[in-house]
1. In the neighborhood of A:ARG367, defined by Cβ-to-Cβ distances under 15 Å, what is the net charge if each Lys or Arg adds +1 and each Asp or Glu adds -1?
2. At what distance in angstrom do the alpha carbon centres of the range B:1-25 and the range A:390-461 lie from each other?
3. Enumerate the aspartates and glutamates that A:LYS253 could reach by cross-link, defined here as Cα to Cα under 15 Å, with residues fewer than 8 away along the same chain left out.
4. Go ahead and run the numbers for FRET between B:VAL87 and A:LEU418, Cβ-Cβ distance against an R0 of 45 Å, rounding to 0.05.
5. To the nearest whole number, what is the average tally of beta carbon atoms from other chains within 10 Å of the beta carbons of peptide B:8-14?
6. Going by amide H atoms built from the backbone, whose H comes under 5 Å of the H on A:ALA67, apart from near neighbours?
7. Cα axis of helix B:3-24 to longest principal axis of chain B: angle in degrees, 0 to 90, nearest 10?
8. Which aspartates and glutamates, if any, have their Cα less than 20 Å from the Cα of A:LYS301, not counting same-chain residues under 8 positions apart?
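What follows is calculated from the coordinates using simple rules that are stated; it is not laboratory data. Here the structure is a predicted model, which is why all the values come from computation and not from measurement. Counting neighbours? That spans all protein chains shown, and the Cβs are built from the backbone with ideal geometry, glycine included.
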Amino acid sequence: MSHLHAWLVAVDWIPWLLGPPLAHATLAFLLGPRLARLLALPVLVLGLVAASGLALRVLELGPQVHALGGWGAPLGIELYADGLAALMLWMTAAIGLAVGCYSLAFFSADDRRGTYFWPLAAFLIGAMNALYLSADLFNLYVTLELMGLAAVGLVALSSGAAALAAALRYLLAALLGSLLYLLGVALVYGNQGSLALAGLSLEANLLSSLIIALMTLGLAIKTALFPLHFWLPPAHGGAPAPVSALLSALVIKASFYLLLRLWFELFLPAINLPAAQFLGLLGAGAILWGSWLALQQRELKMLVAYSTVAQVGYLFLLFPLASFAPGAEAAWNGGVYHALSHGFAKAAMFLVAGAMLFAAGHGEIRRLGGLGQQLPLGMFTFALASVSLMGLPPSGGFIAKWLLLEAALASGQWWWILVMMVGGLLSAAYLFRVLRQAFLPTPADTRFRRPPAMLVGSAFLLSLVALGLGLWANGTLALLRVGAPFTEMTP
Amino acid sequence: MTGGLFYAITGVLLFCLGLYGFIQHAHLLRRILAFNIMGSGCFLVLVGLAQRGGQVDPVPHALVLTGIVVAVSATAFALILMRQLYVESGHCTLPGEDEES
């Protein structure tokens with residue numbers, strides 16, 4: 001055991017997080033779906049090993065730097081991993097592995113969609129890994145675009161005009177977002193003459209305000225922050241279940257991660273209070289409006305997609321809560337913890353929604369009666385994921401909300417507490433709608449198909465991780481503290 | 001006004017022009033073209049602003065080359081999706097948006 005531990009810490013894992021997924025994607029394009037399926041599990045398992053190794057290494061040795069090809073920062077591309085990056089990488093690897101297992105059963109070997117799913121999903125995971133490891137603004141732009149293009153391709157997998165329209169709407173929103181970000185990058189470079197995230201900080205002046213507004217707006221579009229969420233529900237709700245899980249759990253977190261890095265490293269000296277409060281206000285709008293629309297949905301996957309719109313809102317409460325010294329660390333931890341636990345819970349929920357659709361043959365919530373008997377483990381998974389999304393103990397979602405509440409109390413911003421309470425009640429309302437329906441007796445004329453065991457099994461494992469995040473919070477928070485902008489312990 | 005600043009201001013104007021077209025038009029081809037104009041504006045700002053010292057900075061040139069590659073791929077992808085949408089639905093606009101607006 002100690003040998004394994006020593007080996008995990010000793011290896012430089014950063015190249016292993018980039019090479020294998022990109023190689024897998026290219027080979028999957030060239031050699032077709034059969035080989036792609038064969039390679040998928042080894043590559044995804046290697047990804048999880050590498051992410052776990054990197055997390056251990058960061059925890060023991062501190063932040064890691066890797067110069068790609070031996071070329072250092074001014075000329076070459078330098079990669080950087082601290083606790084936050086290591087956690088996001090681990091989440092990507094773990095959810096990627098579960099979604100990979102699910103997809104092997106979901107897309108049969110001769111499914112046309114499978115031909116494109118494997119290369120695009122591998123590119124998506126490679127791009128997200130590269131984004132979490134990048135330390136300069138332009139590299140971040142390129143990874144953001146690569147991730148966006150792969151994600152749009154995945155949305156277009158579903159056939160039909162509706163899926164194409166959803167994909168195009170998503171593509172246009174993503175392109176607009178990245179161009180706004182790129183204009184911000186151009187202004188930063190013109191102003192500072194450097195692109196490295198470390199050591200760069202804006203002064204408080206008019207140009208800085210413009211840069212902050214451009215980059216924040218661009219990334220808020222990509223994260224689907226209310227009222228810029230219009231593209232998310234059709235794209236996430238209409239895609240095949242494993243794609244929805246990847247997009248809702250991981251892709252929006254990547255742009256949020258970038259926003260977090262920018263705000264607390266680059267923007268920090270130039271940020272004023274109203275800007276942070278405004279982002280929080282939009283977050284509150286997302287929580288209330290997204291939950292309200294989730295309550296109105298008739299289709300199961302659309303309900304889960306609107307739930308993502310609402311849950312994104314909690315992420316943005318981080319910005320006002322972290323702008324006061326007391327409670328800043330709790331707010332930072334709570335926001336990141338929410339990103340993690342929402343990732344696992346939402347991936348589990350979309351995967352199990354796919355299994356429910358498979359079993360019932362449709363997604364209409366009103367006609368889901370009897371699923372509780374047909375898919376007992378599936379409905380248990382849905383309930384576990386719901387517990388985390390509502391923020392009930394002992395789940396990861398509970399820890400996240402607890403930390404955010406603690407930050408709100410410490411900084412005296414009681415109005416955010418109110419929003420979180422109402423949001424929690426609304427999420428309970430829309431999630432219980434599904435659970436209640438599933439445990440009603442089976443309508444007379446319904447026939448169920450038995451989904452492959454892998455569909456429910458991989459979703460179940462993810463919901464267990466969402467629960468486990470609540471039980472092993474100390475270790476996760478210790479990792480998050482490595483290289484964090486707020487290092488003081490809250491009393 | 002130095003030459004570099006002139007290019008940068010032209011770039012910002014192009015970006016705003018493109019943004020206007022991107023939001024204003026419903027036809028997808030026009031929106032894709034508007035996206036390309038916005039991209040060119042960005043590249044001009046990137047190259048123009050970095051020249052303030054009177055010397056040419058090579059870094060933005062490398063960045064713009066990469067940016068052009070990204071923009072070309074995104075444009076190709078958008079065009080394919082648009083053509084497929086036309087084949088499937090007979091429209092070159094997103095549902096719910098009129099061509100006249």
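1. Values: positive: A:ARG298, A:LYS301, A:ARG366, A:ARG433, A:ARG436, A:ARG447, A:ARG449; negative: A:GLU299, A:GLU364, A:ASP445.
Here the count lands on +4.
2. 46 Å
3. A:GLU145
4. Details: r = 50 Å, r/R0 = 1.12.
The computed FRET efficiency comes out at 0.35.
5. On the way: counts 3, 0, 0, 2, 3, 0, 0.
Whole-number average of other-chain Cβ neighbours for B:8-14 is 1.
6. Under 5 Å from the amide H of A:ALA67: A:LEU79.
7. 10 degrees
8. Counting by Cα, and skipping residues close in sequence, A:LYS301 has these aspartates and glutamates nearby: A:GLU364.
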